[in-house]
Amino acid sequence: MEVNPIKDIEAISNLKKYLKKKPRDYALFVLGINTGLRIGDLRTLTVGQARGLSPMTDLVLKEEKTGKTRRITINQSAYDAMQYLLASMPEAGDTLLLFQSRTRGNQPLTVPYLSRLIKSWCRDVGIEDNCASHTLKKTFGFIQVQVFGIPVYLLCKMFGHSSESITLKYIGLQEKDMKEAYQNCI
């Protein structure tokens, strides 16, 4: 079944409010929707990587899936979420994972666990779309294009996709969405 982005800003806001009392989950969600990183890359970030950042500085990492080096600029929301999480773990050393398992120590959360977690968050706040691990990255892309007007070619480059059509399909823009554009009178 196709995993969807969260397309509604109010639903995103509700989810952020719901997660705010859980610093790890809140930071994971906010970083995911503000960086466009794959969940597999988010889960391996370290405390040291987060501590070394400030707003509008670059996080450099090696992508788990492609092995390529990726440079992500951290915006204010992502920075604030990381600081919120770091404040909840003041004794954490730089080599500790930022998003570690609560039961397995300094082990990364598994992607299947994260998919179930994201699915449960969405269900708990009434988001009925099929959500899972790709939802955060897809939400980033969808909101960038639909709300902020970022050109698809730029998002395609940010995601490392080989064509704009792949990016459009990935973020859930379909023919019916394009048809709506024709309804706009100029």
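The values are calculated or read from the model by the stated rules, or taken from the named source; none is laboratory data. These numbers were taken from a predicted model, which means no experiment stands behind them. Cβ placement follows ideal geometry from the backbone for every residue including glycine, while neighbour counts extend to all protein chains displayed. Ligands, DNA and RNA are stripped out before the accessible areas are found, and what is left, the full protein with its side chains, is counted by its heavy atoms. Shrake-Rupley method; radii C 1.70, N 1.55, O 1.52, S 1.80 Å.
When we screen Ser120, Ser115 for residues that are small (Gly, Ala, Ser), surrounded by fewer than 13 Cβ atoms within 10 Å (Cβ to Cβ), under 27 Å from Pro23 (Cβ atoms) and modelled with pLDDT of 95 or more, the only hit is Ser120. For the structure I just gave you, tell me whether Ile74 is touching a helix residue (DSSP H, G or I) at 6+ places or on another chain (Cβ under 8 Å) and under 20 Å from Pro5 (Cα atoms). Against the criterion (touching a helix residue (DSSP H, G or I) at 6+ places or on another chain (Cβ under 8 Å) and under 20 Å from Pro5 (Cα atoms)), Ile74 does not qualify.
How many residues are more than 17 Å from Leu109 (Cα to Cα) and surrounded by fewer than 16 Cβ atoms within 10 Å (Cβ to Cβ) if we restrict to the stretch 17-48?
Here the count works out to 4.
Restricting attention to the stretch 122-144, the residues being at positive phi and part of a helix (DSSP H, G or I) number 0. If the requirement is being among the small types (Gly, Ala, Ser) and within 21 Å of Lys68 (Cα to Cα), which of these qualifies: Ser120, Ser133, Ser101? Result: Ser133 is the single residue among Ser120, Ser133, Ser101 that is among the small types (Gly, Ala, Ser) and within 21 Å of Lys68 (Cα to Cα). Please tell me if Arg104 is among the charged types (D, E, K, R), open to solvent by 30 Å² or more (accessible area, probe 1.4 Å) and touching a strand residue (DSSP E or B) at 6+ places or on another chain (Cβ under 6 Å). No; evaluated as a whole, the condition is false for this residue.
Being free of Cβ contacts under 8 Å to residues at least 60 places away in the same chain, in contact with a helix residue (DSSP H, G or I) (Cβ under 9 Å, 6 or more places away or on another chain) and open to solvent by 40 Å² or more (accessible area, probe 1.4 Å) is the requirement here; does Leu86 meet it? Considered against the rule, which asks whether it is free of Cβ contacts under 8 Å to residues at least 60 places away in the same chain, in contact with a helix residue (DSSP H, G or I) (Cβ under 9 Å, 6 or more places away or on another chain) and open to solvent by 40 Å² or more (accessible area, probe 1.4 Å), Leu86 comes out as no. Taken over the stretch 145-174, the criterion of being assigned to a loop (DSSP other than H, G, I, E, B) and either in contact (Cβ under 8 Å) with a residue 24 or more places away in the chain or exposed (fewer than 13 other Cβ atoms within 10 Å of the Cβ) (or both) is satisfied by Val147, Phe148, Gly149, Pro151, Gly160, Ser162, Ser163, Ile171, Gly172, Leu173, Gln174.
From the list Thr95, Thr110, the lone residue that is among the β-branched types (Val, Ile, Thr) and over 27 Å from Phe159 (Cβ atoms) is Thr95.
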